[in-house]
1. For the range D:49-82, what are the residues that are away from chain C (no Cβ under 14 Å), in a strand (DSSP E or B) and farther than 14 Å from D:THR131 by Cβ?
2. Looking at D:SER301, D:SER251, which one is hydroxyl-bearing (Ser, Thr, Tyr), farther than 22 Å from D:ALA164 by Cα and in contact (Cβ under 8 Å) with a residue 40 or more places away in the chain?
3. How many residues are farther than 15 Å from C:MET1 by Cβ and at pLDDT 95 or above when one looks only at the range C:168-195?
4. Which residue is least open to solvent (accessible area, probe 1.4 Å), if the candidates are limited to the range D:312-334 and must be more than 10 Å from chain A (Cβ to nearest Cβ) and without any contact (Cβ under 8 Å) to a residue 60 or more places away in the chain?
5. Residues that are over 20 Å from D:ILE271 (Cβ atoms), within 14 Å of chain D (Cβ to nearest Cβ) and open to solvent by 10 Å² or more (accessible area, probe 1.4 Å): does the range C:12-22 have at least one?
6. Check whether at least one residue in the range A:51-68 is aliphatic (A, V, I, L, M) and open to solvent by 50 Å² or more (accessible area, probe 1.4 Å), and report yes or no.
7. Give me the residue from the range C:90-129 that is part of a loop (DSSP other than H, G, I, E, B) and at the interface with another protein chain (Cβ under 10 Å from one of its Cβ atoms) and, out of that set, surrounded by the fewest Cβ atoms within 10 Å (Cβ to Cβ).
Protein chains: 4
Amino acid sequence: MPLPQTNYHPPFNITRASHLVFTAQDLAASKAFYTEVIGLIVSDEDANTLWLRGVEERGHHSLTLKRTTDTPSCECIGMHVFDEEDLDKAKSHFDRTGIAAKFVEVPFQGRTLRFTDPMGTPVELIATMQTQPRAHVAINTHKGARALRMDHYQVLVPDVLTTAKFYMDLGFRISDYLYVEAAQRVVGTFLHRKDNPWDIVLLMRSGPRFHHGGYVVEAFEDIVRACDVAGNLGFADRVEHGPGRHGHQHSYYLYLRDPDGHRTELLLPGIQIIDSDDEPMMCPVKPDANSNLWGLPAPKSWVEEATNFAGVPVKQTMDGTPMTAERYLAEKTKEAVAK
Amino acid sequence: MPLPQTNYHPPFNITRASHLVFTAQDLAASKAFYTEVIGLIVSDEDANTLWLRGVEERGHHSLTLKRTTDTPSCECIGMHVFDEEDLDKAKSHFDRTGIAAKFVEVPFQGRTLRFTDPMGTPVELIATMQTQPRAHVAINTHKGARALRMDHYQVLVPDVLTTAKFYMDLGFRISDYLYVEAAQRVVGTFLHRKDNPWDIVLLMRSGPRFHHGGYVVEAFEDIVRACDVAGNLGFADRVEHGPGRHGHQHSYYLYLRDPDGHRTELLLPGIQIIDSDDEPMMCPVKPDANSNLWGLPAPKSWVEEATNFAGVPVKQTMDGTPMTAERYLAEKTKEAVAK
Amino acid sequence: MPLPQTNYHPPFNITRASHLVFTAQDLAASKAFYTEVIGLIVSDEDANTLWLRGVEERGHHSLTLKRTTDTPSCECIGMHVFDEEDLDKAKSHFDRTGIAAKFVEVPFQGRTLRFTDPMGTPVELIATMQTQPRAHVAINTHKGARALRMDHYQVLVPDVLTTAKFYMDLGFRISDYLYVEAAQRVVGTFLHRKDNPWDIVLLMRSGPRFHHGGYVVEAFEDIVRACDVAGNLGFADRVEHGPGRHGHQHSYYLYLRDPDGHRTELLLPGIQIIDSDDEPMMCPVKPDANSNLWGLPAPKSWVEEATNFAGVPVKQTMDGTPMTAERYLAEKTKEAVAK
Amino acid sequence: MPLPQTNYHPPFNITRASHLVFTAQDLAASKAFYTEVIGLIVSDEDANTLWLRGVEERGHHSLTLKRTTDTPSCECIGMHVFDEEDLDKAKSHFDRTGIAAKFVEVPFQGRTLRFTDPMGTPVELIATMQTQPRAHVAINTHKGARALRMDHYQVLVPDVLTTAKFYMDLGFRISDYLYVEAAQRVVGTFLHRKDNPWDIVLLMRSGPRFHHGGYVVEAFEDIVRACDVAGNLGFADRVEHGPGRHGHQHSYYLYLRDPDGHRTELLLPGIQIIDSDDEPMMCPVKPDANSNLWGLPAPKSWVEEATNFAGVPVKQTMDGTPMTAERYLAEKTKEAVAK
């Protein structure tokens, strides 16, 4: 299957990845993690729900945590459309194309349209949310990584190109894609609507499963501070991977797992991609190589573990055998011994 | 005059501020300044012209310097439209509305449409440019501030709202505006097309004159490095203002003057502004106060000096008496003596 | 008078500049300033006194503030000797050389020996202090500049070389000295005992007066955070000078005035100076030039204002006319007009 | 064996760890590594030798690399004494105590006294070296980590306390020591002469072997730049461990292996330790725990591999089974499966 083409005249105008909804078993632990380490602000909370936002965000929440006694899950990923009219256009489009979509009530949000993408990922669209004061300049109130804003999320799906086509029909563009040359197969796509390379990243694995949500920080020092605070507050083992720098001209990363195992990436702002001649960049993936510019390959937990979407069955796929930190270290030892 | 409204269905799609053309008397001095201090890359040069780009930029140039023996000037500001079709739409629109616009040949650029805005500012529109490899990851080749990409420019005009209306009819939005409450007057507008708050900034002064172009850097440390390098290479007196932090929730700044006096701002990436309910933010300006979060007010040179547009007459206006570093320091001394 | 020579076998072993005692009119305001902006930790406080330390410091206090209704002053500068035996040696030495010195009781300090140096500066020597846990790793508790530790202080004296000789007889070395070539006069000496270039800095001005105390921060970003917090908490006008970088191979600086006008410098760790062949470096001072690597010259307030030592008369001297920000800006404007 | 006591009246005055001599098989590769990644300056080079220094260093070299076709080794560790007189005192002391010590000729160094410590580690003492201009302010010439100065080295020895006693008799103090409570055994000591916690670190392993030399950098961003440059120039696999932050209130680290396997640590300046009441701090080591504040435990290569001293036999010792990255990751996976 060739790389799908972007529909530059989409039926409605999605503007960006905007929010996530998780369930969590211990809201107090989650609150400590997200406010002290990631540096999110509590916009509201009640006995069963916690609404969080980045220090730059005007929207009331980019992360909602709901108390559960079940296995923690992701309820949905959320996207912003430009205005209310786009919600109506979206409803018409989904009705027309046979995709179940319905308006639901969600606290602090304007009209909210829920639908399910072809892989089964639950998505909600909003045009407005209650607003809060931006706090990015209130440095004296910042904590941990001082996360600025939600940037993107990564979803694991067994069929990357089918899923990518669905979103590209809705106007998404590919900034980069991961290509296994030996297998002549696209195993990942970085899709975006806003002016940087990422809103939704699709990676070929059993799925649909939620892999991580990415918050942008101002500078590398904020990533370091997150690590220091994690270490001081008993969250050191929640630092799963990094800091390091991705290959393929991507930026620095740190991956952390929250107390329920949901994964957050901290990253610097991506490059600007706007121009029409900005062609998708092919990123060759070599199964036996470390794809990072520097830093260990991701550990097995990063490669294999993810959050299920609530009630959505996971379709298995062969993952191949991506390089891991474990394999990398073992092979390095073998080489040293061979010498 | 009330704040103009954005036309959300503009006649063609301008995507961003993209490039500038200056004349310069000593290209060797300019080259040293922009490559060593600002950290731009030379994409091409010949005996009379220097083409420069930021380390992240794919476009061949965001800054063109042409040798002159006359008073240095700004030939035009440049904007990017989404695709070639937009250039045709733009030509039709200008023809229809009686604005002279013509296609011109510019090296390394695709079709280029030149027009003049209502204040007399020469503008050129392009949809494509020759491309170059992005070099933002080639850290070992970076110098000075390692400027990433052109972000915006500031133009001084005697009539801010008329000019703003012209650009808002073309789809620009206001992120913030400067408002003198005593005079009930808008004296500045921050206008943007891309997903951050600035593409063109209009400030009320005699004009049209070019005030500064802003390049985004990755982190504050890059601003400090620019200062250190400027100091080491004999450009210390070209550091005109800063580093400091703007008020009104804006970011850090450093303003430098190149050897011909053209002004560059180094700044961090702005906040993300996309949502339709992101209303223009009113920034009250108090004539007798320092508007910065910290740092001295701008010196008189920043307030008064600017680059003329080649051959464009300057219409005088009353500037008021904005606070300057000179006045601020003098008043502080007076207060201390009074005690 | 030639540069004095260091006595490498001093009568007792002073190890470092260690603490300062100021009086202050509003302890609550001082506490806010030093804890939120500078980032010091309150080790103890009572109705009339505040004891503060840097986040790295084990010693109970490096800064003591005592409530006063009089003009705020500096009670003494403090130095550490290696051990108790050195205090006895110091007492003997001062007795022998006719310098009045007496042991005094100071809360939280071990035996404390007070004496007055030849210019009239009150000095106290200690070998021990109550200790507190170092908190430099407790990043999650840090505020503002997260100042690590007291590094040095600067005292204004009318006779620099006489004062320098006094301290060099006690083992201090000169790292650098400021020399006005036209007048063939040493106008400043940077003296140190510890392994970096500064413990006490002497500058020729009417005195003795206390000019500033310097706290070391980890990185430039900590200086920027201090500015941001100062701006947010109403202390923006307490940022007196900087950030900038000193000339003569010195480091970055920021000078702030506390609510009583006492001045603090934030700086990065100095270079390491230990070797016996590390000769004093001559730093030529040109009265009409900006001596900074970058950044405006110091404003008049920095040049002229200082804290008196409690009850110590000030001997006037001719200050010359050092370059100031005010003069620098005025001359730049004149040059621009002349063109 | 109890912790040895420092002799505060040592027979001669060692001031600091100052230099290292390695052999290397490919000087061109070493030069690229140390100048581009670590950021050292070449003070001199000839066909068979490379002399390098940190950007702040006045001494001609802190690292000497000599061409070899044999297995790369460490020729000696180097220490600075205060002045020439100390070299004579040292010679007398060693003669008196039956330790072979002789003066040798070393290019660019003043009189150089070689001796062997009780474990067999070859050490050389110098009082002077040819000097070079400090270059720490010449930011525009800096590369990679811009390493400032040699700070310390770590030597593996089978008998830590005997070795520590030898150095403490020469005036070294213990800042911290690693203590295995279960075995009631000191397995490491951090020894220093200068005003920060480290000059020579002793760790219990088969030895004597050279483990790493530490260069101080100005800020964490310099560590990140070293990684970026390593990634860009083909040295990514030379990044062995980190970046991370040590436990026990220590600082950030990055460990790299040069082309011959010699190990360099990049670290920030340590805390200041001068006062006589600064008691050795006990750092409990738990064999089954990650001792870092954050970051993976060291990989097996860091735990097991080191550089032999030229011609010095290695005495084996039981290393215990320290936690490694490999074991840590494997146990984490087991725990996840168990859930």
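1. Selection gives D:THR49, D:LEU50, D:LEU52, D:LEU63, D:THR64, D:LEU65, D:LYS66, D:ARG67, D:CYS74, D:GLU75, D:CYS76, D:ILE77.
2. D:SER301
3. Summing the residues that are farther than 15 Å from C:MET1 by Cβ and at pLDDT 95 or above in the range C:168-195 gives 12.
4. Selected residue: D:MET323.
5. Looking through the range C:12-22, at least one residue is over 20 Å from D:ILE271 (Cβ atoms), within 14 Å of chain D (Cβ to nearest Cβ) and open to solvent by 10 Å² or more (accessible area, probe 1.4 Å).
6. no
7. Ranking the candidates gives C:GLY110 first.
For every residue, the table says whether it meets (1) free of Cβ contacts under 8 Å to residues at least 40 places away in the same chain; (2) within 30 Å of C:GLN316 (Cβ to Cβ).
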site	(1), (2)
C:THR162	no, yes
C:LEU178	no, yes
C:LYS194	no, no
C:PRO208	no, yes
C:ASP222	no, no
C:ASP228	yes, no
C:GLY247	no, yes
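The values are calculated or read from the model by the stated rules, or taken from the named source; none is laboratory data. Please read these numbers as outputs of a predicted model, since none were measured by experiment. For neighbour counting, all protein chains shown are included, and Cβ atoms are generated from backbone atoms with ideal geometry for every residue, glycine included. The protein model used for the area step is the full one, side chains on, heavy atoms only, and it has no ligands, DNA or RNA in it. Shrake-Rupley method; radii C 1.70, N 1.55, O 1.52, S 1.80 Å.
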